[in-house]
Amino acid sequence: MSVTLERSGEAQGAAPPGPSPSLRRAADWARRAPLLPALIFTIVVTQLPFVATLVISFMNWNAYYPHERGFAGLSNYGRVLTDVNTRNAIIVTIELTVTVVLVSLVLGMGIALLLDRKFRGRGVVRTMMITPFLIVPVAAALLWKHAIFNPVYGLLNGVLTWIWAIFGSDNPPQPDWISSFPLASIEVTLIWQWTPFMMLILLAGLQSRPLDVIEAARIDGASAWQIFRYMTFPHLRQYLELGGLLGAIYIVQTFDAVFVLTSGGLGTANLPYTIYQTFYLAHDYGRASAAGVITLIGTIIIATLALRTVSTLFREENKR
């Protein structure tokens with residue numbers, strides 16, 4: 001009798017048997033099924049064009065010579081890496097990216113430090129500072145080309161005329177900014193557009209500072225420069241890295257400003273514009289695809305660094 005009661009007690013205390021493997025698989029598919037259309041759409045839109053580009057990059061395919069189409073091996077990649085125009089485009093791309101990212105980070109930090117203070121109308125000012133980043137890139141480039149850089153009726157030459165008139169001079173300088181400073185004109189346009197992006201990231205970093213520690217340092221007699229150098233700047237280091245890496249990913253792909261302002265002339269053709277010229281003007285699809293694959297590899301390397309920085313930020317936020 002006691003043995004029977006013990007067995008019944010064990011049976012009552014035991015955990016109920018779990019679902020069978022077939023039921024678990026069915027439940028998993030029931031959860032994943034609604035996501036399948038989105039997954040298929042993503043694969044069709046993103047991966048199939050990339051596979052097609054990869055295949056074409058190994059082909060000798062020029063629309064001017066349709067009868068010479070065939071397998072080319074790695075010759076397209078060799079032509080891309082040894083071509084003088086492509087090497088110059090790589091140098092321009094690096095110079096453009098580094099200059100825009102660094103200047104945007106410095107300006108973004110300064111503006112973020114100012115907007116982190118409390119003053120009347122701070123929300124309106126923040127909204128106005130974000131506006132350049134929300135403008136369509138082509139529209140922004142057209143705005144700078146015709147409303148600011150134009151040598152006849154542009155804002156910059158108008159300001160020079162006004163300043164020279166104050167001092168009684170009738171012959172103010174009226175330079176053609178784009179012709180005289182082609183790459184700098186593109187850089188200024190991109191800096192104006194990307195500074196708000198850097199400002200947003202750094203402003204988020206400033207608002208996550210431990211204010212009690214900063215207040216304690218201020219009470220102990222630390223100056224504003226010491227607080228910034230030893231507390232604020234180290235705290236913003238990873239936000240600076242994140243802004244720089246994310247900005248580099250997008251600025252490497254800049255096409256609109258180069259196309260609108262200079263059309264790739266005067267030594268301003270970067271990699272995206274060179275690919276455009278090779279594909280749509282020279283109709284060399286194989287070499288253009290190889291250049292695109294090389295650009296993609298470089299972008300993936302930068303994106304990997306950016307993702308590592310983001311994961312580090314998330315881990316540190318979870319520790320707090």
key: Any pair with Cβ under 8 angstrom, 6 or more apart, that starts in the stretch 130-153 at a residue that is over 25 Å from GLY243 (Cα atoms) and ends at one that is among the small types (Gly, Ala, Ser)   = HIS146/GLY154; ALA147/GLY154; ILE148/GLY154; PHE149/SER185
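One line per residue, one yes/no per condition, for (1) farther than 25 Å from ILE135 by Cα; (2) not hydroxyl-bearing (Ser, Thr, Tyr):
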residue	(1), (2)
SER179	no, no
LEU190	no, yes
MET199	no, yes
ASP212	yes, yes
ALA217	yes, yes
GLY221	yes, yes
ask   = Of these, VAL152, VAL98, which one is under 27 Å from THR278 (Cβ atoms) and open to solvent by 70 Å² or more (accessible area, probe 1.4 Å)?
value = VAL98
task = Kindly list the number of the only condition in (1) in contact (Cβ under 8 Å) with a residue 60 or more places away in the chain; (2) open to solvent by 30 Å² or more (accessible area, probe 1.4 Å); (3) not charged (D, E, K, R) that fails for PHE233.
result = (1)
ask   = Any idea how many residues of the stretch 228-263 are acidic (Asp, Glu) and touching a Pro at 6+ places or on another chain (Cβ under 9 Å)?
value = 1
ask   = Do we have TRP192 as among the aromatic types (Phe, Trp, Tyr), in contact (Cβ under 8 Å) with a residue 60 or more places away in the chain and in contact with a Ser or Thr (Cβ under 8 Å, 6 or more places away or on another chain) here?
value = no
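Please indicate, with yes or no, whether at least one residue in the stretch 110-126 is open to solvent by 70 Å² or more (accessible area, probe 1.4 Å) and touching a residue at least 60 places away in the same chain (Cβ under 8 Å).
no
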query = How do the pairs read when you match residues in the stretch 177-188 that are farther than 17 Å from ASP256 by Cβ with residues anywhere that are among the small types (Gly, Ala, Ser) and in a helix (DSSP H, G or I), using Cβ under 6 Å and keeping only pairs 6 or more apart or on different chains?
reply = TRP177/SER185
inquiry  = Exactly one condition in (1) out of contact with any Asp or Glu (no Cβ under 6 Å at 6 or more places or on another chain); (2) surrounded by 15 or more Cβ atoms within 10 Å (Cβ to Cβ) is false for THR42; which is it?
reply    = (2)
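The values are calculated or read from the model by the stated rules, or taken from the named source; none is laboratory data. Small disclaimer: the values here were computed from a predicted structure and weren't measured. So basically every Cβ, Gly included, is an ideal-geometry build from the backbone, and we count neighbours across all protein chains shown. Note: accessible area is taken over every heavy atom of the protein model, side chains too, but ligands, DNA and RNA are not part of it. Shrake-Rupley method; radii C 1.70, N 1.55, O 1.52, S 1.80 Å.
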